[in-house]
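Report on the following structure.
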Amino acid sequence: MSTISSNKIEWWQPVIGTTEYELTQDVLKSGFLNDGKLTERFEQEVAALLKVKYAVAVTSGTAALYLALKAIDVGPGDEVIVPDTTFIATANAVVMAGATPRLVDVDRKTLNIDPKQIESKLNAKTKAIMPVHVSGRLADMKSIMNIAHEHKLTVIEDAAEAFGSEMAGQSAGTYGHIGCFSFSPNKTITTGQGGMVVTNDADVHQRLRQLKDQGRQYRGTGGDDLHPAIGYNFKLTNLQAAVGLGQMQDIQSRLSKLKSIYKTYERELSGINGITLLPFDVDSGESPQWIDAYVENRESLTKCFEANNIGFRRFWFPLHRQLPYQSPDSDFPIASQCSEHCLWLPSSLLLTEDDLSQVCQLIKSLIS
Ligand SMILES: Cc1ncc(COP(=O)(O)O)c(C=O)c1O
């Protein structure tokens with residue numbers, strides 16, 4: 001395994017194994033660099049891991065969300081329910097499809113969309129609900145699916161941060177009608193940039209295939225092909241899939257490592273006043289993408305991390321505080337409060353027990 005080395009305790013590092021080198025070399029030698037056989041193999045491996053019928057590889061998580069919306073004909077005049085706490089791509093994908101995101105505040109205990117607040121945001125224009133599994137922690141899918149069923153809405157899971165995270169044997173991204181994943185560099189597996197859309201619906205699958213490849217149902221020569229629908233170019237290349245397939249080889253150890261990092265933080269930091277880990281149910285299969293915490297005095301902790309060469313990431317500003325989605329804080333009290341207090345602790349797959357102990361000792365000495 002290799003990575004860019006430094007003395008810093010990193011917040012996150014992509015980990016590249018030898019198989020990635022071997023497979024990318026094979027692709028380069030083959031001369032077929034486009035979306036091809038390796039892309040198909042990557043899709044099949046992801047579908048098998050998530051126990052879902054269809055997986056369609058695309059260029060990014062944002063593209064995955066956009067194509068999922070297009071596949072169910074979301075467009076101008078439609079509204080989509082989106083949590084206020086998320087990476088901005090969730091809402092941007094809705095806008096890209098021509099629709100309007102309707103923001104909903106989040107649950108303080110999970111930072112995921114609060115199902116109790118969804119119904120008041122529904123109206124005749126609402127087409128879909130897009131829950132986000134923040135940091136890999138599953139949203140309350142039972143309640144969300146009940147609301148969707150009652151109001152005849154489609155659920156598109158933004159599982160960009162939840163690849164391989166499960167709850168009692170069911171993977172994030174497979175509860176709703178469509179699930180979307182990201183393979184950008186700070187995810188459990190990466191293809192540089194890349195994404196995957198998964199579904200059990202044959203019609204949605206067919207639409208996704210057309211949408212990602214210029215409306216073609218079947219790959220032809222690029223010459224006299226038939227294009228029965230409008231589509232675009234969101235193909236994931238063999239080169240990227242080669243990296244993805246290499247990364248998939250040790251997916252179980254990656255997920256186990258993330259769970260064990262969480263368990264160490266939980267053991268070391270539980271009961272410490274001033275910092276509260278957001279909980280993961282790792283024993284039921286939930287896998288953290290990154291370890292998140294609510295910190296009373298975030299600034300003093302981030303200063304201390306900076307002084308000690310320890311990586312971290314502050315939480316996103318809630319969407320309603322970003323210029324394109326601006327709304328008053330009073331409509332989103334939980335998201336507003338959490339964004340000022342939450343951060344991601346070092347969560348890299350390469351962290352050692354020593355690194356974690358150093359981080360926890362520092363937190364304890366600062367806070368107590
Ligand atoms: C919740 C969420 N949604 C969507 C995305 C977008 O994925 P990508 O960067 O692959 O386009 C991300 C990426 O980090 C994300 O965290």
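The values are calculated or read from the model by the stated rules, or taken from the named source; none is laboratory data. Given the structure is predicted, the values throughout are model-derived calculations rather than measurements. Heads up, the Cβs are rebuilt from the backbone with ideal geometry, glycines too, and the neighbour counts pull from every protein chain shown.
Looking only at residues that are more than 28 Å from residue 295 (Cβ to Cβ) and of a type in the set (A, V, I, L, M, F, W, C) in region 113-129, which one is surrounded by the most Cβ atoms within 10 Å (Cβ to Cβ)?
So the first thing to find is which residues in region 113-129 are more than 28 Å from residue 295 (Cβ to Cβ), and the list is 118-129.
From what's left, of a type in the set (A, V, I, L, M, F, W, C): 118, 122, 124, 128-129.
On the way: 118: 22, 122: 17, 124: 5, 128: 24, 129: 28.
So, considering only residues that are more than 28 Å from residue 295 (Cβ to Cβ) and of a type in the set (A, V, I, L, M, F, W, C), the one surrounded by the most Cβ atoms within 10 Å (Cβ to Cβ) is 129.
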Residue 257 fails exactly one of (1) within 13 Å of residue 363 (Cβ to Cβ); (2) in a helix (DSSP H, G or I), namely (1)
Please find, within region 176-188, the residue that is nearest to residue 290 (Cα to Cα) out of those that are more than 9 Å from the ligand (Cβ to nearest atom) and buried (at least 23 other Cβ atoms within 10 Å of the Cβ). 188
Of the residues in region 117-139 that are within 16 Å of the ligand (Cβ to nearest atom) and small (Gly, Ala, Ser), the one that is farthest from the chain's Cα centre (by Cα) is 128
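Counting only residues that are of a type in the set (Gly, Ala, Ser) and either within 9 Å of the ligand (Cβ to nearest atom) or touching a helix residue (DSSP H, G or I) at 6+ places or on another chain (Cβ under 7 Å) (or both), how many does region 58-80 have?
Adding up the residues that qualify gives 5.
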Say whether the condition of being at positive phi and in contact (Cβ under 8 Å) with a residue 24 or more places away in the chain is met by at least one residue in region 121-136. yes
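Could you pull out the residue among 148, 160 that is within 16 Å of the ligand (Cβ to nearest atom), buried (at least 20 other Cβ atoms within 10 Å of the Cβ) and among the small types (Gly, Ala, Ser)? Reasoning before the result, please.
Details: 148 fails: within 16 Å of the ligand (Cβ to nearest atom).
Sole residue among the options that is within 16 Å of the ligand (Cβ to nearest atom), buried (at least 20 other Cβ atoms within 10 Å of the Cβ) and among the small types (Gly, Ala, Ser): 160.
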Checking residue 54 against (1) surrounded by fewer than 24 Cβ atoms within 10 Å (Cβ to Cβ); (2) closer than 19 Å to residue 324 by Cβ, which test does it fail? (2)
Restricted to region 90-112, and to residues that are within 12 Å of the ligand (Cβ to nearest atom) and crowded, with 22+ Cβ neighbours inside 10 Å, which residue is nearest to residue 162 (Cα to Cα)? 112
Looking at region 176-190, I want the residues that are at negative phi and touching a residue at least 60 places away in the same chain (Cβ under 8 Å) and have a partner that is near the ligand (Cβ under 7 Å from one of its atoms) and acidic (Asp, Glu) with Cβ atoms under 8 Å, at least 6 apart or on another chain. Which pairs are those? 180/158; 182/161; 187/161
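Listed residues 173, 194; which is surrounded by 17 or more Cβ atoms within 10 Å (Cβ to Cβ), touching a residue at least 24 places away in the same chain (Cβ under 8 Å), on the phi > 0 side of the Ramachandran plot and within 11 Å of the ligand (Cβ to nearest atom)? If you could, list the steps in order and put the result at the bottom.
Details: 173 fails: within 11 Å of the ligand (Cβ to nearest atom).
Of the residues listed, the single one that is surrounded by 17 or more Cβ atoms within 10 Å (Cβ to Cβ), touching a residue at least 24 places away in the same chain (Cβ under 8 Å), on the phi > 0 side of the Ramachandran plot and within 11 Å of the ligand (Cβ to nearest atom) is 194.
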Identify all residues within region 297-345 that are of a type in the set (Val, Ile, Thr) and without any contact (Cβ under 8 Å) to a residue 60 or more places away in the chain; write none if there are none. 302
Residues that are within 23 Å of residue 158 (Cβ to Cβ) and assigned by TED's automatic domain parsing to the domain that holds residue 175: list the helices (runs of 4 or more DSSP H) wholly contained in region 1-115 that include at least 3 such residues. 37-50, 61-71, 89-96
